[in-house]
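These notes are about the structure you will find just below.
Derivation of every value follows stated rules applied to the coordinates shown; laboratory data play no part. All of these numbers come straight from a predicted model, not from anything done at the bench.
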Amino acid sequence: MTMRPRARNEQSIGSPSWTQRLFSFLKSENIKIVKRVIVSVVGATVLLIGIALLVLPGPAFIVIPVGLAILATEYAWARRWLKEARRIASNVVSGRDSAAPRESRV
């Protein structure tokens, strides 16, 4: 009885191949978690840089909404803040000041 060597692609019964093991790691839950972590780190970094640019020379009022937009892809609170920032920016551009007290006509 001679034993022949197994071919490379021949697997023993019950032993998953390396590709199956790899793809079992890349399940949708893992991908969602990794994506959320990456978006959080990048968005928070851009947002913190924008906040630092409030006191440093630079375009803080452009960088902060970009950071919020990145975070808004994953978080509802960032969507609300971004919507509020857009509202304030449109009021400033149109000349309306929403923060100023309104005069009553009484």
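Across the stretch 26-94 the C-alpha pair distances fall into 5 Å bins from zero in the proportions 4, 18, 21, 22, 17, 9, 5, 3, 2, 0 percent. Residues in the stretch 68-75 carry Karplus couplings, in order, of 5, 5, 5, 5, 5, 5, 10, 10 Hz; the curve used is 6.51 cos²θ - 1.76 cosθ + 1.60 with θ = phi - 60°, and Gly or Pro positions show x.
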